[in-house]
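The values are calculated or read from the model by the stated rules, or taken from the named source; none is laboratory data. All values reported here derive from a predicted model rather than from experimental measurement. Positions of Cβ are backbone-derived with ideal geometry, glycine not excepted, and every protein chain shown enters the neighbour counts.
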Amino acid sequence: MSRVEILIAAMSLFKLHPSQKRWLWRLLFGAIALLIALTPFTPAPAQPSFPTPQAHPLPDFIQRLPQLEADYFAEIQTTPLGYLMWSHFPVTIYVQQPTAAEVEDKKFEKWLKSVDVAIADWQEYFPLVEISEPDNADITVLRQRPQRDIQVDRDNQRLIIPDARHGTARYEFYLTPTEPPLIQHRFTISLSPAQNAKHMRGTARHELGHALGLWGHSLDEDDVMYGLQVRRPPPISGRDLSVLRRVYEQPTQVGWAVVENSAS
């Protein structure tokens with residue numbers, strides 16, 4: 001008896017005499033038992049298991065960073081997989097290049113120079129390498145106005161539109177094609193060209209700080225990770241570097257392998 005026939009028989013019970021119903025119930029339960037017995041057992045597929053959060057060995061360049069008693073580590077946020085940090089070095093960066101029609105664009109040239117200076121500032125402390133193709137980049141820097149995260153306030157029937165921002169950094173997780181696969185992440189930085197060179201460099205330094213592991217903001221305007229734009233963008237401070245070191249000392253799931261567990 002097929003599943004359809006069983007279902008039809010069950011529906012017809014409502015139209016039968018009680019004695020007929022008892023007979024059909026026995027037939028129905030017998031058919032179900034036979035169907036279960038004849039169904040081949042298929043073991044459940046292996047399920048991936050997230051790694052236990054662990055601290056990565058500290059690279060030499062991280063060990064050389066200062067350790068300060070007062071910093072803003074408490075302002076650093078974690079992600080669903082723990083602290084954001086890189087486990088392979090150097091970290092690669094792709095910076096958007098001008099098209100053939102933009103090669104002579106002075107504004108584009110100014111933007112590129114500002115980004116290059118910001119990268120050089122971080123290269124004093126962190127191994128970064130620019131590459132010419134975006135496909136394999138850990139960090140991609142785009143010349144575009146950041147998107148506004150518009151929200152809907154349904155209670156008051158209005159849109160919440162945040163102030164314009166000059167730079168944003170966004171991350172996404174992915175699994176490497178290795179065996180076993182590793183949990184890795186990549187960053188996309190959007191930098192608006194609508195700034196003067198000084199503030200453009202400051203914004204680029206700030207967003208690169210996010211991408212390197214400083215996923216939070218300082219409350220001190222003398223730090224590069226201060227959350228607001230200031231008249232004179234600060235350089236990378238000792239506090240910024242101290243917090244970066246503390247981030248890389250933390251346990252995380254990022255950079256570790258996903259293991260497949262066989263389910264019974």
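In the range 99-127, which residues are in a helix (DSSP H, G or I) and more than 12 Å from Leu208 (Cα to Cα)?
As a first pass, look at the range 99-127 and keep what is in a helix (DSSP H, G or I): 100-102, 106-123.
Across the range 99-127, the qualifying residues are Ala100, Ala101, Glu102, Lys106, Lys107, Phe108, Glu109, Lys110, Trp111, Leu112, Lys113, Ser114.
Does Pro90 satisfy the condition of being modelled with pLDDT of 95 or more and in contact with a Phe, Trp or Tyr (Cβ under 8 Å, 6 or more places away or on another chain)? So that I can check it myself, show each step before the final result.
On the way: modelled with pLDDT of 95 or more: yes; in contact with a Phe, Trp or Tyr (Cβ under 8 Å, 6 or more places away or on another chain): no.
In short, no.
Tell me which residues, restricted to the range 84-120, are farther than 13 Å from Arg201 by Cβ and among the basic types (Lys, Arg).
Initial filter on the range 84-120 (farther than 13 Å from Arg201 by Cβ): 84-109.
Correct list: Lys106, Lys107.
Is it the case that the range 190-202 has a residue that's assigned by TED's automatic domain parsing to the domain that holds Ala120, over 29 Å from Thr52 (Cβ atoms) and basic (Lys, Arg)?
The first filter runs over the range 190-202 and keeps only residues assigned by TED's automatic domain parsing to the domain that holds Ala120, leaving 190-202.
Then keep just the ones that are over 29 Å from Thr52 (Cβ atoms); that gives 190-202.
Keeping just the survivors that are basic (Lys, Arg) gives 198, 201.
Yes: one or more hits.
Within 18 Å of Asp121 (Cα to Cα), touching a helix residue (DSSP H, G or I) at 6+ places or on another chain (Cβ under 7 Å) and modelled with pLDDT of 95 or more: which single residue out of Gly238, Gly202, Gly209, Gly216 fits that description? Break it down into steps so the answer makes sense when it comes.
On the way: Gly238 fails: touching a helix residue (DSSP H, G or I) at 6+ places or on another chain (Cβ under 7 Å); Gly202 fails: touching a helix residue (DSSP H, G or I) at 6+ places or on another chain (Cβ under 7 Å); Gly216 fails: within 18 Å of Asp121 (Cα to Cα).
Just one listed residue meets the conditions, Gly209.
Is it true that Glu69 is within 30 Å of Ile236 (Cβ to Cβ), at pLDDT 95 or above and among the charged types (D, E, K, R)? Explain how you work it out, then say what you get.
On the way: within 30 Å of Ile236 (Cβ to Cβ): yes; at pLDDT 95 or above: no; among the charged types (D, E, K, R): yes.
In short, no.
For a quick check of your reading of the model, give me the residue pairs whose first member lies in the range 60-78 and is not assigned by TED's automatic domain parsing to the domain that holds Glu221, whose second is surrounded by 12 or more Cβ atoms within 10 Å (Cβ to Cβ), with beta-carbon atoms closer than 6 Å and at least 6 apart or on different chains.
none
Just wondering, is there one or more residues in the range 28-47 that are farther than 26 Å from Pro134 by Cβ and at pLDDT 95 or above? Step through it out loud before you land on a result.
Initial filter on the range 28-47 (farther than 26 Å from Pro134 by Cβ): 28-47.
Those left that are additionally at pLDDT 95 or above: none.
For the range 28-47, residues farther than 26 Å from Pro134 by Cβ and at pLDDT 95 or above: absent.
Which residues, counting only those in the range 219-231, are of a type in the set (Val, Ile, Thr) and modelled with pLDDT of 95 or more? Full working, then the answer.
Of all residues in the range 219-231, those of a type in the set (Val, Ile, Thr) come to 224, 230.
Val224, the sole residue that qualifies.
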